[in-house]
Amino acid sequence: MDRLPKRTIYAKRNAEAIDVIDKIDFLSIDFLKIQKLTGDIVFLDPSDNRKDKKEPYSVFKNAEPDLPTLLSKSFETSSRIALKLPHDIDVAELPTLFHTTLEKYGLYNSSFFCFVNIVKDIQRDSVLRLR
């Protein structure tokens, strides 16, 4: 699901390339506008609205739509969330982001964990996963 139809097309092509197209439902719609939705996993890939890419990526200032809102909506949909973030993220912001969201949904003391893989030498994105 993506609010940008072109990104939904890219996702379909990727799914075709790894032969899982028949296992995924694709929608071009704004995730935040859906009232009730359930899913096996939510994969978030928020847009980066930074004008100056020399500054570190802030999960509170540079995600579009805003990341706290996306995470809250995601936890209403599934307990399994994958979050794609740029390689130059300000990692110091992550504990605050997740503490607030996990506590809001009563998940703070559950078996969730965060894995952050940041590779700055190679220009590729980092992935943060919650289980």
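For the stretch 34-86, a crude dipole built from +1 on the beta carbon of Lys and Arg and -1 on the beta carbon of Asp and Glu, taken about the Cα centre, is about 80 debye to the nearest 20.
Note on residue 99 and residue 3: the extension gain reaches 31.9 nm, defined as 0.36 nm multiplied by sequence separation minus the Cα-Cα distance. Which residues does a label at residue 30 reach in the stretch 49-88, if reach means a backbone N under 20 Å from a point 7 Å past the Cα toward the Cβ? Under cut-off, by backbone N: 49-50, 60-77.
Can you work out the FRET efficiency for the pair residue 23 and residue 90, with r the C-beta to C-beta distance and R0 = 30 Å, to the nearest 0.05?
Details: r = 35 Å, r/R0 = 1.16.
Computed FRET efficiency for residue 23 and residue 90 comes out at 0.30.
The numbers here are math on the coordinates, done by the rules we state, and not lab data. Computed from a prediction, not measured in an experiment: that's the story for all the values here. Note: ideal-geometry Cβ built from the backbone for every residue, glycine included; neighbour counts use all protein chains shown.
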